[in-house]
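Down below is the structure, laid out as structure tokens.
The values are calculated or read from the model by the stated rules, or taken from the named source; none is laboratory data. Remember, predicted model here, so these are calculated numbers, not experimental data. Because the Cβ atoms are built from the backbone with ideal geometry, glycine has one as well, and the counts that use them run over all protein chains shown. Please note that ligands, DNA and RNA were not included when accessible areas were found on the heavy atoms of the full protein model with its side chains. Shrake-Rupley method; radii C 1.70, N 1.55, O 1.52, S 1.80 Å.
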Amino acid sequence: MLKRVHYGSSILPFLLVAPQIIITLVFFIWPASQALYQSLLLEDAFGLSTEFVWFDNFADLATNKLYYDTFRRTAFFSVSVAGIAMGFALVLAAMADRIIKGALTYRTLLIWPYAVAPVVAGALWVFMFDPTLGIFAYALNVIGVDWNHKLNGSQAMALVVMASAWKQVAYNFLFFIAAMQSIPKSLIEAAAIDGAGPVKRFFTVIFPLITPTTFFLLVVNVVYAFFDTFGIIHAVTQGGPAKATEILVYKVYNDGFVGLDLGGSAAQSVVLMIIVIALTVIQFRYIEKKVEYS
Amino acid sequence: MAEIILDGVRKSYGKVEVIKGVDWKINDGEFVVIVGPSGCGKSTLLRMIAGLEAITQGEISIGDTVVNELEPSERNIAMVFQNYALYPHMSVYQNMAYGLKIKKIPKDEIDKRVQRAAEILELEEYLDRPPRQLSGGQRQRVAMGRAIVRQPAVFLFDEPLSNLDAKLRVQMRLEIKKLQEDLGITSVYVTHDQVEAMTLGHRLAVLNGGVVEQLGTPIEVYEKPATVFVAGFIGSPSMNLLDAELDDKGGAVTLAGGAKISLPEPLGAQGGRSVTFGVRPEHLKDIGGDANSLRLSLNVRVIEQLGADTLVHGTLGENGTELVARLEGIRAMAPGDVLDLNMAAKSIHLFDSKTGRRLG
Ligand SMILES: Nc1ncnc2c1ncn2[C@@H]1O[C@H](COP(=O)(O)OP(=O)(O)OP(=O)(O)O)[C@@H](O)[C@H]1O
Ligand SMILES: [Mg+2]
């Protein structure tokens, strides 16, 4: 039995945890419960009367074709963002893992995008790809691509995917490089003596050994793509053109604050909440199985 | 089947030189042990042979080939690491087969070699297990197996037993020795363990500060250490090393405490200088001795009973130089006793104080 430490009846421990608890209550539990409550209400278009409708809002979602479209779009968006952000970070980390001189500079530079606020990042990309002013749009025009993400839905999607992935590369890079550097050097040397070249070593030794990190990042990136990309999309396309870049979080905003369908919007956020809870559970389950290196 | 030749091999990290010119010829089938204090460059030297460190200057050949520019995998070597370096995500079988698969050796040949190695190393029942489910000794054997299946020309070992407990170490030491004898593969073995250094190899190289101080059979190194460093490093407890003056005729030495010892074979021309006088603790006796024996008297300070032996620490004279004697069996004595010690004339060593080189 562990001995308990007795603080007497002091309120000190309560005071110490109070700030954290208050923050959680005010910013997480309260809005979440509001959303839960709202999702059961139906408000008329002028906000004059509300009616308690049980799960009608959810039933509406379940039969709404547009909502399914948004779901598919979000899935595509998340997979693309996670895939590109992780793939790119993995390549960078594999290369950074091999260099020794100037490694710190290289790493510091790679981490910068992470420090940029989503909306600022979005503004940056809008500017670079602006159909009339943007330097990249110009370059694309030169090589024969008619770039106009304000009219072309696929191009708009490509742009938000790129902007979102770009911001997440730094984060992934940090985790990948840390994982790679925790692999004992002698393992890599043993593989080199066994005749494996750098590429073979990467695929047969390094990559399998960083699987836990890869999985962790996959979940983090999907969550990021689902939720944290709101700022970027808002700055770059506002979900357009013609909803081509409207993902689930953006639809919550659009339907609730623009369309003023508070009940439907709240129901959508409850669905999102369930998704993020599910992802978190998967993550915690898996992270307990850690790989031993030696 | 290969000999290893090192010709003026040097290694620098930036401005710091860690290997300062090593010339060696290791014969085909020979087992050479490298021993030396921490940081003296043992691993660096081994890793240069393996191809894991670039060679700053000089030439290394394995067989008839200069390997300076060859990749580790092209040198026909196998290496066993201190931490075993097993691939954690592969089974024992896959660990051993990995290198062979890369070499595109046919599947049934791989299987034959792995099974054979598993048999030699008694690993048959563990082939499907991942390394984390093995004991330290078993992991060590898998690492050996991975080396054997490659059928290399050279085995390189970097302190392979230092992570094992004392008992297992003894067992694995014998196994490695036997394996090397059976396979007859040229081997270089790095250690800082006295016993491994003395027992494993045909020859022993004592490395200090990037310089090979002596290369010879373990017995040569023990009986005729070439330098003061080797004298103090090989043997446990270490050799007693005392400051002394060699008289002009080279016929007698005077120890710092005043004791005078005449030498059986005068050193003639080398006389008249400061020397370091050495005698191993196990060569000091408190009984026996004859007219030719050299004599010292020891003021006993501390006694350590080891069971088989007794270590007696004391000083020459009241407050003279410290000295250790290792006497056989259990002895009844107490601090403050004065012990008369004798030693055979041929068991003493003299080194030049300035150069540290052996005299005579
Ligand atoms: N990558 C490196 N950069 C700079 N100096 C190094 C490097 N690797 C080793 N050294 C230095 O070279 C010297 C020899 O190192 P080495 O690892 O060969 O020692 P060692 O004899 O194997 O020691 P130990 O018994 O502790 O393993 C040490 O002084 C070490 O600090
Ligand atoms: Mg070492």
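Mind checking which of B:THR310, B:LEU267, B:VAL338 is farthest towards the positive end of the range B:237-359's charge dipole, using Cβ charges of +1 (Lys, Arg) and -1 (Asp, Glu) about the Cα centre?
In the range B:237-359, that residue is B:LEU267.
By a straight-distance test (C-alpha under 21 Å), which lysines pair with A:LYS150 as possible cross-link partners, with residues fewer than eight away in the same chain excluded?
Counting by Cα, and skipping residues close in sequence, A:LYS150 has these lysines nearby: A:LYS243, A:LYS251.
Find the accessible area per residue for the range B:4-231; the probe is 1.4 Å, ligands and nucleic acids are left out, and the unit is Å².
Result: 42 Å² per residue.
Evaluate the relative contact order of the range B:237-359 (contact order divided by residue number), counting alpha-carbon pairs under 8 angstrom at least 6 apart; express in whole percent.
Numbers: 298 pairs, mean separation 33.4, N = 123.
That works out to 27 percent.
Measure nothing fancy, just the Cα-based angle from helix B:107-120's long axis to the longest principal axis of chain B, in degrees from 0 to 90, nearest 10.
In chain B, helix B:107-120 runs at an angle near 30 degrees to the longest axis.
Which aspartates and glutamates does B:LYS249 reach when only Cα atoms under 13 Å apart count, and residues fewer than 8 places away in its own chain are ignored?
B:GLU265
At a 1.4 Å probe, what is the % contribution of carbon and sulfur to the accessible area of the range B:95-184? Walk me through the intermediate numbers first.
Numbers: 2040 of 4380 Å².
The nonpolar share, carbon plus sulfur, comes to 46 percent.
Given the options A:ARG72, A:ARG98, A:ARG107, state which has the largest fluctuation in a GNM of chain A using a 10 Å cut-off (strictly under) for Cα springs.
In the Gaussian network model the winner is A:ARG98.
Please sort by residue number the chymotrypsin sites (Phe, Trp or Tyr not before Pro) in the range A:51-157 whose DSSP state is loop and whose Cβ has at most 13 other Cβ atoms within 10 Å. Before the final figure, lay out each step's value.
Working: sites: A:PHE52, A:TRP54, A:PHE55, A:PHE58, A:TYR67, A:TYR68, A:PHE71, A:PHE76, A:PHE77, A:PHE88, A:TYR106, A:TYR114, A:TRP125, A:PHE127, A:PHE129, A:PHE136, A:TYR138, A:TRP147; in loops: A:TRP54, A:PHE55, A:TRP147.
For chymotrypsin sites (Phe, Trp or Tyr not before Pro) across the range A:51-157 that sit outside H, G, I, E and B with at most 13 neighbouring Cβ atoms in 10 Å, the list reads A:TRP54, A:PHE55.
At a threshold of 8 angstrom on Cα-Cα distance, excluding pairs fewer than six apart, so keeping six or more, what relative contact order does chain A reach in percent?
27 percent
Just to be sure I understand: if you take the accessible area of chain A alone plus chain B alone and subtract the pair, with a 1.4 Å probe, what total do you get in Å², rounded to 100?
1800 Å²
Looking at chain A, which longest stretch skips every one of the GluC sites (Glu not before Pro) that is in a DSSP loop with at most 13 other Cβ atoms within 10 Å, leaving the sites themselves out?
A:1-287
Going through the DSSP H helices of chain A, which span 30 Å or more along their own axis at the Cα atoms while scoring at least 0.5 as a mean Kyte-Doolittle hydropathy?
Flagged H segments are A:65-98, A:153-181, A:262-287.
Carbon and sulfur: what percent of the range A:73-200's accessible surface (1.4 Å probe)?
75 percent
Any residues in the range A:166-204 that have 20 Å² or more less accessible area with all protein chains than in their chain alone, probe 1.4 Å, and which are they?
Residues shielded by partner chains are A:SER186, A:LEU187, A:GLU189, A:ALA190, A:ALA192, A:ILE193, A:ASP194, A:GLY195, A:LYS200, A:THR204.
Determine the dipole magnitude for the range B:4-231: charges of +1 sit on the beta-carbon of Lys and Arg, -1 on that of Asp and Glu, nothing else is charged, the reference point is the Cα centre, and the result goes in debye to the nearest 20. Can you show the working numbers first?
Details: 28 positive and 30 negative charges, 107 e Å.
Taking the Cα centre of the range B:4-231 as origin, the dipole is about 520 debye.
Can you flag which of B:LYS42/B:LYS107; B:LYS20/B:LYS103; B:LYS42/B:LYS354; A:LYS185/B:LYS103; B:LYS42/B:LYS178; B:LYS25/B:LYS177 are past 28 Å Cα-Cα?
B:LYS42/B:LYS107; B:LYS20/B:LYS103
Please report the relative contact order for chain B, taking Cα pairs under 8 Å with a sequence separation of at least 6, and give it as a percent rounded to a whole number.
Value for chain B: 15 percent.
How far is it, in nm, from the label point at B:SER236 to the one at A:PHE207 when both lie 7 Å from their Cα along the line to the Cβ?
For B:SER236 paired with A:PHE207, the spin-label model returns 4.7 nm.
Could you pull out every one of the aspartates and glutamates with an alpha carbon less than 14 Å from that of B:LYS104, ignoring same-chain neighbours closer than 8 positions?
Correct list for B:LYS104: A:ASP194.
Compare the Cα positions of A:PHE215, A:ILE84, B:ALA166 along the charge dipole of the protein assembly as shown (+1 at Cβ of Lys, Arg; -1 at Cβ of Asp, Glu; about the Cα centre) and return the one farthest towards the positive end.
Farthest along the dipole direction, towards plus: A:ILE84.
Just want the answer: with Cβ charges of +1 for Lys and Arg and -1 for Asp and Glu, which residue in B:THR217, B:ALA231, B:ALA252 is farthest toward the dipole's positive end in the range B:175-275?
Among B:THR217, B:ALA231, B:ALA252, the one farthest towards the positive end of the dipole of the range B:175-275 is B:ALA252.
Dipole of the range B:237-359, Cα-centred, from +1 at each Lys and Arg C-beta and -1 at each Asp and Glu C-beta, to the nearest 20 debye?
With only Lys, Arg, Asp and Glu charged at Cβ, the dipole is about 340 debye.
Would you compute, from DSSP H runs of 4+ residues alone, the mean residue ellipticity of chain B at 222 nm, taking -39500 (n - 2.57) per run and dividing by the full residue count, rounded to the nearest 500? Write out the running numbers ahead of the final one.
Numbers: 8 runs with 84 residues, N = 360.
Result for chain B: -7000 deg cm²/dmol, rounded to the nearest 500.
Expressed as a whole percentage, what fraction of the accessible surface of the range B:237-359 belongs to carbon and sulfur atoms when a 1.4 Å probe is rolled over the protein heavy atoms?
50 percent
With all protein chains present and a 1.4 Å probe, how do B:ARG47, B:ARG295, B:ARG75 order by accessible area, largest first?
Of B:ARG47, B:ARG295, B:ARG75, the descending order of accessible area is B:ARG295, B:ARG47, B:ARG75.
What's the magnitude of the charge dipole for the range B:49-183 around its Cα centre, counting Lys and Arg as +1 and Asp and Glu as -1 at the beta-carbon? Answer in Debye, nearest 20.
420 debye
Convex hull volume of the Cα atoms in the range B:4-231, per residue, in Å³?
125 Å³
Given H placed on each backbone N at 1.01 Å, which residues far from B:ARG301 in sequence or on other chains put an amide H within less than 5 Å of it?
B:HIS313, B:GLY314, B:THR315, B:GLY336
Can you list the HN-Hα couplings for the range B:152-164, worked out from phi with the Karplus curve (6.51, -1.76, 1.60; θ = phi - 60°), rounded to whole Hz and with x for Gly and Pro?
x, 7, 9, 9, 10, 10, 10, 6, x, 9, 6, 8, 9
Between B:THR355 and B:LYS178, take the C-beta separation as r, use R0 = 30 Å, and let me know the FRET efficiency to the nearest 0.05.
0.15
Could you give the length gained on full extension between B:LYS25 and B:HIS192, defined as 0.36 nm per residue of separation minus the Cα-Cα distance, in nm?
Value of the extension gain: 58.0 nm.
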